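Remarks on the structure that follows.
Derivation of every value follows stated rules applied to the coordinates shown; laboratory data play no part. Nothing here was measured: the structure is a model prediction, and the numbers come from that model. Cβ sites come from the backbone with ideal geometry, for glycine too, and all protein chains shown count toward neighbours.
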Amino acid sequence: MDHGLPVEILLVEDSATDLELTQRALKKARLGNRIEVARDGEEALDFVFARNGHAGRSIEDKPRLILLDLKLPKVDGLDVLRAIKGDPRTRSIPVVILTSSREQRDVVESYDLGVNSYIVKPVDFEGFSAAVAELGMYWLIRNLSPGGAP
């Protein structure tokens, strides 16, 4: 990652296989230029809130999109979502749950907490690539931020 440029996507994923697939899908869709990876929920919160190992960055330098797995070590994805959407400084960051969980209670709680989208990871790479490309195109290109800019 080029640290001179703002982060476009914070990818929060603990599975090495899913991380590689997601990064490949983002690159295939030409959305993989400025990605920060967090391997657990605690690291994701440290990045977003500019604390601990990420204390040198500004909380104002927000990622444009967070791709968040639910089943994470240390702090689970729903708690990460709860913290991000519960803080006025980070509430406007679009968060997309990208998970293998089809559990209805996870879907309902995610939307109750303010998730912007909930996507179940497709099994095959082509389906997964298409889903990642669509969400990236929408959240990074078409969607207007609260400031009015895509």
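Pairs of Cα atoms under 8 Å, at least six residues apart: use those to get the relative contact order of the stretch 9-141, whole percent.
After rounding, I find 27 percent.
Shape verdict for the stretch 1-95, please, from the Cα gyration tensor: rounded (a/c under 1.5), prolate (a/b greater than b/c) or oblate.
oblate
Apply the Karplus curve 6.51 cos²θ - 1.76 cosθ + 1.60, θ = phi - 60°, to the phi angles in the stretch 44-53 and return the couplings in whole Hz, x for Gly and Pro.
4, 5, 4, 5, 4, 9, 6, 9, 6, x
Arrange SER58, SER100 by Cβ neighbour counts within 10 Å, fewest through most, would you?
So the ranking, lowest neighbour count to highest, is SER58, SER100.
Within the set of other residues whose C-beta is less than 14 Å from the C-beta of VAL132, count the net charge using Lys and Arg as +1 and Asp and Glu as -1.
Value of the local net charge: -3.
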